[in-house]
Amino acid sequence: MEINILRQLERTAERFKDKNAYSDPEGSLSFGRLTELAKRLGSGLAEKLPPRSPAAVMTGRNIYTPAVFLGIVYAGCFYAPMDPAQPESRLKDILSVLMPQVLIADRENAETARRLGFEGELLIAEELFESDINEQRLSLIARSACADDPLYVIFTSGSTGKPKGVITSMMSLMTYIDAYQEVMGIGPEDVLGNQSPLDYIAAIRDIYLPVMTGASMFIIPKQYFMMPAELFRTMNEQRITAVGWSVSVFTIAVKLKAFKEARPEYLKKICFSGSVMPGATLRAWQDALPEAKFVNQYGPTECTASCTYHEIDHRVADDEEIPIGKPYRNYRVFLLNDDGTPTPQGEIGEICVAGPILALGYYNAPELSAKSFIQDPLNKAYNELIYKTGDHGRLREDGVLEFRGRKDRQIKHLGHRVELTEIDSAAMRIEGIEEACAMYLKEKELIFLFYTGTAAPKEIAVYLRGVLPGFMVPRKFERLDKMPKLPNGKISMQALKELMK
Amino acid sequence: MKEQLMEILEEIRPDVDFENEKQLITDSVLDSFDIVSLVGALNDEFDIDIQVGNLVPDNFNSIEGMMALIEKLQQED
């Protein structure tokens with residue numbers, strides 16, 4: 001396995017120079033052109049930014065965004081993608097954690113970038129793509145690169161109200177892509193259909209599988225996922241063979257009766273992740289695509305997108321629970337009890353992960369990192385960090401892992417990780433709210449906000465839209481005269497749970 | 001009909017100005033989750049059966065588009 005992304009990119013570009021690496025409805029980038037653009041951007045950026053520095057990126061959902069990412073890697077730096085559609089206050093939060101010297105935006109998003117009051121230098125992607133390639137400088141940078149250099153920082157919901165930036169190294173990324181490629185059997189003949197936002201962790205597969213294998217990737221416009229007829233038509237036009245999508249997309253397609261008129265004819269390799277796949281949804285997809293391979297993937301951003309996978313080997317029943325399976329190659333996954341002792345087979349314990357896929361920690365948050373990435377309590381002999389996922393699991397007799405819910409108030413909603421406490425603290429900043437508690441009704445995929453105070457639902461919804469990503473804004477607002485409390489003064493989640501029914 | 005429709009839309013997304021937004025889908029004002037809730041609610045309220053082929057941006061970009069779709073489906077019955 002090659003662990004240097006740029007060497008791998010150049011090798012692939014040599015083999016598949018004129019083949020499309022990335023496409024979207026507006027155009028395509030061949031591997032040759034992709035490498036050229038990345039080198040240009042890298043050469044331009046290297047004049048402004050020393051290696052091993054973060055560069056924030058705010059660009060659109062198009063083929064040039066991965067070229068910006070790879071260009072930053074050519075400069076020896078690492079990227080932190082920011083979705084320009086997020087509320088300004090959240091983008092500012094990300095910048096305040098990252099404190100980058102540069103922010104790279106495309107022309108379309110430059111105005112939004114300027115509004116953020118960013119104190120560093122704002123660079124325009126299109127201008128950097130015009131820089132001359134400085135081979136000498138790039139090879140000097142490449143020669144001093146290390147396998148464990150950071151590759152990206154991806155931000156996720158944080159329980160304190162500030163987003164956490166998970167830092168992943170180049171080696172971790174390549175280890176994961178290699179393991180995923182082995183499981184899914186992706187090769188140069190495949191066309192990947194990208195669904196994940198490019199700033200989100202799940203997109204790393206769509207960006208780096210082409211680099212690794214010579215496969216092509218098509219960026220599917222976001223709105224097609226609400227219009228299944230349009231989605232399937234595009235997938236057939238593009239002859240998409242493989243997807244790695246969030247579970248919610250599969251569910252929505254079934255709810256909208258997508259298979260009534262068409263199906264994605266070329267689709268053969270399907271991975272789903274992000275939340276628990278309902279048996280009935282999977283069954284509907286299996287019925288429509290009986291020849292396709294279906295793989296359930298589980299794992300957090302902190303372990304490079306994943307930990308375990310489970311290939312489905314039979315038609316599932318409507319109420320069947322899909323296991324999360326076995327560790328990917330080079331992932332060590334095991335269960336621990338709260339006291340740090342090993343969980344016996346058949347009992348429930350916390351899912352813990354170790355291996356070269358562990359994140360380097362949370363950016364600019366040493367205390368949080370030290371708390372989350374700890375010495376393996378079972379290893380007294382040498383330094384070995386593990387990540388405790390906060391998820392509960394149970395090991396079956398055949399070595400297959402089952403998912404058994406969360407320890408805390410983190411939920412998975414529409415494929416995104418959401419800390420309910422982050423919603424609480426955002427809501428509490430509204431003047432007319434005294435107490436607030438967000439709850440999740442999993443069966444209906446609805447976030448509720450219970451609150452006391454005088455604020456009207458509309459006012460709360462508008463405010464929260466301005467400070468939280470759309471998927472985190474509650475859909476049901478319930479005003480209470482009094483918050484139900486436990487004897488110790490804490491809010492009774494059990495009582496609120498009853499109110500959601 | 002418009003009043004009933006507005007009531008449904010307000011319930012699903014109280015923060016959106018449906019009177020003036022004319023690119024609800026194209027500009028990603030509504031997300032797929034909203035569409036699923038909306039399709040279910042419209043089917044129930046207006047006794048129609050929205051098909052996958054009806055799910056195109058024109059039918060959902062604005063309240064006018066939605067009303068036209070509802071009328072069309074009601075007449076088909």
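Only the coordinates and a few stated rules stand behind these numbers; no lab work does. Here the structure is a predicted model, which is why all the values come from computation and not from measurement. Here the Cβ is made from the backbone with ideal geometry for all residues, glycine too, and neighbour counts use every protein chain on show.
When the Cα convex hull of chain B is projected onto planes of every orientation, the mean area is 4.5 nm².
Of all beta bridges that DSSP places with both ends in the stretch A:1-171, some 45 percent have antiparallel geometry.
Taking the Cα centre of the stretch A:40-175 as reference, the dipole from Cβ charges on Lys and Arg (+1) and Asp and Glu (-1) amounts to some 380 debye. Looking at the stretch A:230-366 alone, DSSP beta bridges between its own residues are antiparallel in about 55 percent of cases. Each Cα pair under 8 Å and six or more residues apart adds its sequence gap; the mean of these over the residue count of the stretch A:342-412 is a relative contact order of 36 percent. Distance between the C-alpha centres of the stretch A:151-215 and the stretch B:1-59: 33 Å, rounded to the whole angstrom. When peptides A:177-185, A:58-66, B:51-59 are sorted by average Cβ neighbour count within 10 Å, with the highest value leading, the order is A:58-66, A:177-185, B:51-59. Distance from the C-alpha centroid of the stretch A:262-310 to that of the stretch A:1-70: 28 Å, rounded to the whole angstrom. Each of A:444, A:255 has some number of other Cβ atoms within 10 Å of its Cβ, and from fewest to most they run A:444, A:255. With the simple model of a label 7 Å out from the Cα in the direction of the Cβ, residue A:332 to residue A:96 spans 3.9 nm. Please state, as a whole number in µm²/s, the translational diffusion coefficient that the Stokes-Einstein equation yields for the stretch A:208-293 at 25 °C and 0.890 mPa s, with Rh defined as the Kirkwood radius across alpha carbon pairs. In µm²/s, the coefficient is 184.
Taking all Cα pairs closer than 8 Å and separated by 6 or more residues, the relative contact order of the stretch B:2-76 comes to 36 percent. A dipole drawn for chain A from +1 and -1 charges on Cβ atoms has a positive end, and of A:217, A:470, A:6 the residue lying farthest that way is A:470. With neighbours defined as other Cβ atoms within 10 Å of a residue's Cβ, the residues A:482, A:164, A:388, A:17 order from fewest to most as A:482, A:17, A:388, A:164.
Averaged over peptide A:211-223, the number of partner chain Cβ atoms lying within 10 Å of each residue's Cβ comes to 1. Extents of the stretch A:162-207, largest first, come to 41, 23, 14 Å (Cα atoms, principal axes, whole angstrom).
Of all lysines in the structure, those lying under 25 Å Cα to Cα from residue A:48, and not within fewer than 8 positions of it along the same chain, are A:39, A:92.
Partner shielding of A:442-449 amounts to 1, given as the average count of beta-carbon atoms from other chains within 10 Å of each residue beta-carbon. Counting, for every residue in A:9-18, the Cβ atoms of other protein chains within 10 Å of its Cβ and taking the mean gives 0. The value given for the protein assembly as shown is a Kirkwood hydrodynamic radius of 25.0 Å, derived from the mean inverse Cα-Cα separation. In this simple spin-label model, placing a label point 7 Å from the Cα along the Cα-to-Cβ direction at both residue A:318 and residue A:500 gives a separation of 2.3 nm. Apply the a/c threshold of 1.5 to the C-alpha gyration tensor of the stretch A:410-499 and tell me whether it is rounded, prolate or oblate. Oblate, since a/c reaches 1.5 and b/c is not below a/b.
This model, with +1 at the C-beta of Lys and Arg and -1 at the C-beta of Asp and Glu, gives the stretch A:285-332 a dipole about its Cα centre of some 440 debye. In the protein assembly as shown, taking the dipole from charged Cβ atoms about the Cα centre, the farthest positive-side position among A:229, A:259, A:343 is held by A:343.
The count of lysine pairs in the stretch A:306-435 that are at least 8 places apart or cross chains, and whose C-alpha atoms lie under 18 Å apart, stands at 6.
Among A:72, A:207, sorting on how many other beta-carbon atoms sit within 10 Å of each Cβ, with the fewest leading, yields A:207, A:72. Here the dipole of chain A is about 600 debye; that uses its Cα centre as origin and unit charges on the Cβ of Lys and Arg (positive) and Asp and Glu (negative).
Once C-alpha pairs closer than 8 Å and six or more residues apart are averaged by separation and normalised to the residue number of chain A, the relative contact order reads 12 percent. Working value for the stretch A:239-342: equivalent-ellipsoid semi-axes of 28, 15, 12 Å, each the square root of 5 times a Cα gyration tensor eigenvalue, largest first.
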